[in-house]
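A short write-up of the structure that comes next.
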Amino acid sequence: MENLKKQVGIKAAEFVKSGMIVGLGTGSTAAFFVEELGRRVREEKLEIIGVTTSNVTSEQAKALGIPLRSIDEVDHVDLTVDGADEIDAQLNGIKGGGAALLMEKIVATYSKDYIWIVDESKLSEKLGSFMVPVEVIPYGAEQIFRKFEAAGYAPTWRLTDTAEKLLTDMHHWIIDLHISKISEPEELARTLDLTVGVVEHGLFNNMVKKVIVAGADGIKIIE
Ligand code: 5RP
């Protein structure tokens with residue numbers, strides 16, 4: 001599995017050219033992409049500016065010597081490469097398994113080009129095998145949790161190893177929804193968007209145009 005993640009990370013780095021402002025995703029797959037960019041910065045004098053999607057990725061990129069700016073310090077992002085937790089046949093996806101969905105969605109929104117890198121286990125006909133993470137403001141969050149329970153979304157709190165509510169990089173909490181078979185991802189996204197106190201959710205509908213997938217038969221690109 002690690003090898004498949006590495007393959008797609010290296011493949012995606014081929015789309016990065018000198019002069020680009022590059023969105024750097026979060027997670028174990030995106031980490032291979034960032035690592036490869038770091039190698040090219042060092043060994044090939046690749047000149048890029050990175051815009052990170054989490055504190056973890058910022059630390060990794062800094063250690064690799066990739067120059068960084070925040071999303072507010074750039075006027076655009078040329079390309080963002082990120083992992084995903086589940087992708088359906090229409091290329092709608094679920095992200096946020098690593099709790100970075102808010103920064104990931106913001107950086108993706110301002111990117112001219114956006115690529116996901118995954119191993120083939122992440123592909124499914126309909127979304128729902130993976131939980132839908134919802135980032136919420138702590139004030140009033142228990143009310144939102146009850147609302148989700150009543151709607152049948154089977155919510156759970158995202159917890160730390162010490163069973164505290166996990167605090168995201170943007171100082172919010174995460175409620176994970178366990179909805180098997182999401183037949184209308186856009187309708188669910190609309191409902192979540194309209195819920196007061198919800199900052200963002202992990203449904204990334206219609207955002208990606210290209211997915212690089214690694215599997216037993218090698219690498220393929222779905223567009
Ligand atoms: C983090 C994410 C990740 O991109 C997603 O969880 C995939 O991670 P991994 O490559 O480790 O499976 O959305 O918030």
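The numbers here are math on the coordinates, done by the rules we state, and not lab data. The structure presented is a predicted model; accordingly, all values stated were derived computationally and were not measured. As a convention, Cβ positions derive from the backbone with ideal geometry for all residues, glycine included, and neighbour counts pool all protein chains shown.
Show that you can apply the helix-only estimate: for the chain, add -39,500 (n - 2.57) for every DSSP H stretch of four or more residues, divide by all residues, and state [θ] at 222 nm to the nearest 500.
Values: 6 runs with 66 residues, N = 223.
Computed ellipticity for the chain at 222 nm equals -9000 deg cm²/dmol.
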Legend entry - Of the chymotrypsin sites (Phe, Trp or Tyr not before Pro) in the range 84-135, those whose Cβ has at most 15 other Cβ within 10 Å and which sit in DSSP loop: none
Legend entry - 5 angstrom amide H check on Ser129, placed H, neighbours 5+ away: Lys181
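For the range 1-56, what is the charge dipole size about the Cα centre, in debye to the nearest 20, if Lys and Arg each add +1 at the Cβ and Asp and Glu each add -1 at the Cβ? Can you show the working numbers first?
Details: 8 positive and 7 negative charges, 8 e Å.
Using Cβ point charges on Lys, Arg, Asp and Glu, the range 1-56 gives about 40 debye.
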Legend entry - Violating pairs (Cα-Cα greater than 24 angstrom) within the set Lys5/Lys181; Lys122/Lys147; Lys6/Lys181; Lys126/Lys165; Lys6/Lys209; Lys126/Lys220: Lys5/Lys181; Lys122/Lys147; Lys6/Lys181; Lys126/Lys165
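Might you report the magnitude of the Cβ-based charge dipole of the range 149-215 about its Cα centre, with Lys and Arg at +1 and Asp and Glu at -1, to the nearest 20 debye?
For the range 149-215, the charge dipole is close to 260 debye.
Out of the DSSP beta bridges found with both residues in the range 78-223, what percent are antiparallel (nearest 5)?
Details: 21 of 31 bridges.
About 70 percent, rounded to the nearest 5.
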Legend entry - DSSP-defined beta bridges in the range 1-108 - what % are antiparallel, rounded to 5: 20 percent
Inset, instruction - Quickly work out the Asn206-to-Asp113 label distance, labels modelled 7 Å from Cα along the C-beta direction, and quote it in nm with one decimal. - result: 2.3 nm
Inset, instruction - Before anything else, pin down the relative contact order of the chain: Cα pairs under 8 Å, at least 6 apart, normalised by residue count, whole percent. - result: 22 percent
Inset, instruction - Assign one of three labels to the range 78-223, namely rounded, prolate or oblate, based on the Cα gyration tensor with a ≥ b ≥ c the square roots of its eigenvalues; rounded applies when a/c is under 1.5, prolate when it is not and a/b is larger than b/c, and oblate otherwise. - result: prolate
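Show me the trypsin sites (Lys or Arg not before Pro) within the range 108-179 that DSSP assigns to loop and that have at most 14 other Cβ atoms within 10 Å of their Cβ.
Working: sites: Lys112, Lys122, Lys126, Arg146, Lys147, Arg158, Lys165; in loops: Lys126, Arg158.
In loop regions of the range 108-179 (DSSP not H, G, I, E or B), there are no sparsely surrounded trypsin sites (Lys or Arg not before Pro).
Shape verdict for the range 89-141, please, from the Cα gyration tensor: rounded (a/c under 1.5), prolate (a/b greater than b/c) or oblate.
Values: a/c = 2.40, a/b = 1.29, b/c = 1.86.
Since a/c reaches 1.5 but b/c is at least a/b, the shape of the range 89-141 is classed as oblate.
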Inset, instruction - Scan around Gly50 for amide H atoms under 5 Å from its own, H built in the peptide plane at 1.01 Å from N, and keep only partners 5 or more places away or cross-chain. - result: Val22, Leu68, Arg69
Inset, instruction - Take every Cα pair under 8 Å in the range 122-223 that's 6+ residues apart, average their separations, divide by the length, and report that relative contact order as a whole percent. - result: 33 percent
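How about the range 1-81: which GluC sites (Glu not before Pro) there lie in a loop by DSSP and see at most 14 other Cβ atoms within 10 Å? Can you show the working numbers first?
Values: sites: Glu2, Glu14, Glu35, Glu36, Glu43, Glu44, Glu47, Glu59, Glu73; in loops: Glu14, Glu44, Glu47.
For GluC sites (Glu not before Pro) across the range 1-81 that sit outside H, G, I, E and B with at most 14 neighbouring Cβ atoms in 10 Å, the list reads Glu14, Glu44, Glu47.
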Legend entry - Mean separation of Cα contacts under 8 Å, 6 or more apart, over the residue count of the range 16-67: relative contact order %: 46 percent
Legend entry - Tensor-based shape of the range 1-142 (alpha-carbon gyration tensor, a/c under 1.5 rounded, otherwise prolate or oblate): oblate
Inset, instruction - With a cut-off of 16 Å, note down the residues of the range 1-24 whose backbone N falls inside the zone around a label point 7 Å from the Cα of Lys220 toward its beta carbon. - result: 8
Legend entry - Max mean-square fluctuation residue, GNM over the chain, Cα-Cα springs under 10 Å, options Thr162, Thr191, Thr53: Thr162
Inset, instruction - Find how much the distance from Leu159 to Lys17 grows on full extension, using 0.36 nm per residue of separation minus their present alpha carbon separation; answer in nm with one decimal. - result: 47.2 nm
Inset, instruction - About the Cα centre of the range 15-170, how large is the charge dipole given +1 on each Lys and Arg Cβ and -1 on each Asp and Glu Cβ? Please answer in debye to the nearest 20. - result: 120 debye
Inset, instruction - Please order Leu68, Leu177 by the number of other Cβ within 10 Å, starting at the fewest. - result: Leu68, Leu177
Inset, instruction - Could you tell me which of Gly38, Thr109, His171 has its Cα farthest along the dipole of the chain towards the positive end, charges placed at Cβ (Lys, Arg +1; Asp, Glu -1), taken about the Cα centre? - result: Gly38
